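Worksheet: one structure, shown below.
Rule-based calculations on the coordinates, nothing more; no lab input. The structure displayed is predicted, hence computed values, not measured ones. Here the Cβ is made from the backbone with ideal geometry for all residues, glycine too, and neighbour counts use every protein chain on show.
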Amino acid sequence: MKCIVRPRHCPATPSDLRVTEARVWSIFRRAAPSLDLLADYHRGVEGADRYPLSIRPDEKLTVADVFALMRDHYEGTDFDMTVGMDAGPFGNPFRVRPLGWEVDGIRYSWERPISTQQTAFSFVSQSRSGIPDEVGGIMWYSPDDTNYACYTPFYCCINVLPESYTVGSIREFSWNSAWWVFNFVSNFSNLMYSYMIEDVRAVQSEIESNYLESQPAVEKTAIELLKTDRELAVRYLTDYSVSHRTLARAGGESDRGL
């Protein structure tokens, strides 16, 4: 990744800064520690320097590095949502809305981390030049909260999506819906977060590592197929994307997944 670009906020009120620029600061501080960016701006300190529009990471970021950035709760900073007064039972970093409240005329607020339970879906877009477009573009997609779900690769040329990623109603639970399965995991894990997140992380890491380790071989095959038969190459990448989705069905009759 050559740079990270963020949007500008106008007007920049203290409350807006706290729930938006704090997220920007946390990604920038992790991607480029050498910048030594202060927290002053997102804490609303008058006269504090604004964060740059974009930065160049200290080192090239891998896809897995970006996954990790999407799961940030300000760990290791003064605003860490998993420890101290900010943490809920068992170090749970999540807070229900509204985040702010008032006591004796003084306004208080919880932090709003990058990873929140309000997330419907997220994605990491991987775009690469130098190889055919059918292979070079991948949408790493994750339903529900980034902290618990797995990023699954969908190549940009595919013409079919896994059914489990296309069905589901917010009004009715279903084991056949990827969103509902991940949502179930996240809600259940929140009961004893510090213990259960370790199990989630282990499976999450295994699944995503398998995707990333398989990627070179899968793409080498696809590129070779494209030389003689584009339709076959598209079918190959479609089959790969559909068959390697992450979803656990009731009774265990599914791919290995959460």
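Divide the volume of the convex hull around the Cα atoms of segment 113-223 by the residue count and you get 115 Å³ per residue. The sum of -39500 (n - 2.57) across all DSSP H runs of n ≥ 4, divided by the residue count of the chain, sets its helix-only mean residue ellipticity at 222 nm to -11500 deg cm²/dmol.
Contact order, relative form, for the chain: 14 percent (alpha carbon pairs under 8 Å, 6 or more residues apart, mean separation divided by residue count). Residue order for Thr146, Thr13, Thr238, fewest other beta carbons within 10 angstrom first, comes to Thr13, Thr238, Thr146. In a Debye calculation with equal point scatterers on the alpha-carbon sites of the chain and no solvent, what is log10 I(q)/I(0) at q = 0.08 Å⁻¹? Calculated log10 I(q)/I(0) at the listed q: -0.38.
Taking the fewest neighbouring Cβ atoms within 10 Å as the starting point, the ordered list for Glu59, Glu172 is Glu172, Glu59. Counting pairs of Cα atoms in segment 4-94, how many percent are more than 20 Å apart? In whole percent, the share of Cα-Cα pairs in segment 4-94 beyond 20 Å is 39.
Using the membrane-span-like helix rule (whole DSSP H runs, Cα extent along the own axis of at least 18 Å, mean Kyte-Doolittle hydropathy at least -1.0), which helices of the chain qualify?
14-31, 193-226, 230-243
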